[in-house]
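Note sheet for the following structure.
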Amino acid sequence: MNKRLSISLIFFICSFAFNFAYGAQIICDTDVSNSQSQLRIESNDDTYAVSKIDLPGGFRLAGQYLPSRTKFKLYVYINSKDRYVLLSAQEFIVNPKACSRSFGDNLVYGEPYERDLFFQCRQICKD
């Protein structure tokens, strides 16, 4: 019985530690032409999983948070005729214990009418 309790306790502690390190998410607040939106990027180690949001002015904001690599990647695209063209690609190192960390203010300009996309991303740790 004591051995079974020990195994259960170890499993619980490992689960808690995993959720603490990998339970974070990145939230990006955006502003395009006085229209505010929010992109939520959950932690996911699938390199093909990308969270994205289409915004006014033809912008698209996409990102991924890869916790095992401690990386946060962010991409800004503009709709150009029949496809999205990459305007900006950024990569940040993420400290899983640095909750509420901000990744700075960002401003990207796009064609054809010189529209701008303002966005600010921050790391939020789940309780």
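The values are calculated or read from the model by the stated rules, or taken from the named source; none is laboratory data. In this text the structure is predicted, and so the values were computed from the model without any measurement. Surface accessibility is based on the protein's heavy atoms, side chains included, excluding ligands, DNA and RNA. Shrake-Rupley method; radii C 1.70, N 1.55, O 1.52, S 1.80 Å.
Considering only protein heavy atoms, what per residue accessible area in square angstrom results for segment 73-127 with a 1.4 angstrom probe? Can you show the working numbers first?
Working: 3730 Å² over 55 residues.
On a per-residue basis, segment 73-127 sits at 68 Å².
Which sequence of 91, 111 reflects their accessible areas, 1.4 Å probe, from the largest down?
Values: 91 105, 111 130 Å².
In descending accessible area the options line up as 111, 91.
Please work out how much length the chain gains when fully extended from residue 114 to residue 70, using 0.36 nm per residue of separation minus the C-alpha to C-alpha distance, in nm with one decimal.
12.4 nm
Take the alpha carbon atoms of segment 76-93, find their center, do the same for segment 24-50, and report the distance between the two centers in whole angstrom.
Segment 76-93 and segment 24-50 have Cα centres spaced 14 Å from each other.
Counting only protein heavy atoms and using a 1.4 Å probe, what share of the accessible area of segment 64-117 belongs to carbon plus sulfur, as a whole percent?
So the carbon and sulfur contribution to the accessible surface is 45 percent.
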